[in-house]
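This report refers to the structure that appears directly beneath it.
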Amino acid sequence: MKVGQYVRNSLADLGLTEAEADVFFTLLQSNVPMPAELLKWQLNLSTSGTYKVISSLVDKEFILSTKINGAAKYIAISLDQVSKKMVTKSRKFLRTSEKLHELGKLSNVSAETDIVDGNVLTDYYLNIPSKINDFIWCVGSFEAVMNFFGPDIERAFINARIKKGKHADAVIFDDSLFSKELAGRDIGEKRETKLIPSGRYPLEFSYLFGNTCLDFYKDANSQVKVLKSDSPELARARLIQYQTLWNSTAK
């Protein structure tokens, strides 16, 4: 992979849009600060689009603004500083994912908890979309979904949810090919997906809809099970966790 493409991929991992990456990379290649008009001309952007991207990059601290002879000009931070941002983000999300997993395990102790496993598990899984009245959260490893149920069952699950017209938000803790393909189908499948690559996140996943929390995992004997909790208190706690994670995660 060429250095330029590697940098652009890294910027995407840090949450920059394609336009933001173009502006940053153009400034990075320049040895001197550049005015907005020159960026607009070089990248064929509209005036409003140029200033919108610049403002976003300044807010995200990827470019710095300076005034030279009374005119505003912009310069990119160094690649070393970009690297430090990536390290910080990686550590942040690793801590977040581990804490989320820890809280999830602790909060599963509930009088309203049942365990579903065995021959009924697949039918139970495919019946979930019929129970969604509004919206569903999907959090965890999508690799686990594929590992537990396989692509055909997952496709049937997604089609059932789409047919019912219910939207999903997914926070996925792996960067497998399956997960990237899932994110690429978001628009057609009524979903928004955010990927947080993390090799240490457990091979598990959870769903939240209404007051129902479902945690899918493998037991000590590698048998797939789902921990089902119908609890308004637990659902509210999970919702706060998921919303916080969602809001701290770049698309």
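The values are calculated or read from the model by the stated rules, or taken from the named source; none is laboratory data. Computed from a predicted structure; not experimentally measured. We place every Cβ from the backbone using ideal geometry, glycine too, and count neighbours over all the protein chains shown.
Quick notes
- Members of the stretch 18-65 found to be in contact with a Phe, Trp or Tyr (Cβ under 7 Å, 6 or more places away or on another chain) and crowded, with 16+ Cβ neighbours inside 10 Å, listed by number: 24, 27, 33, 34, 36, 54, 57, 62, 63
- Extreme residue, modelled with the highest pLDDT, among residues of the stretch 1-17 that are surrounded by 11 or more Cβ atoms within 10 Å (Cβ to Cβ) and not aliphatic (A, V, I, L, M): 17
- Candidate set from the stretch 153-175 (those that are part of a strand (DSSP E or B) and not acidic (Asp, Glu)); member that is surrounded by the most Cβ atoms within 10 Å (Cβ to Cβ): 172
- Close Cβ contacts (under 8 Å, 6 or more residues apart or on different chains) running from residues in the stretch 152-163 that are assigned by TED's automatic domain parsing to the domain that holds residue 142 and under 16 Å from residue 207 (Cβ atoms) to residues that are small (Gly, Ala, Ser) and not in a helix (DSSP H, G or I) comprise 161/168.
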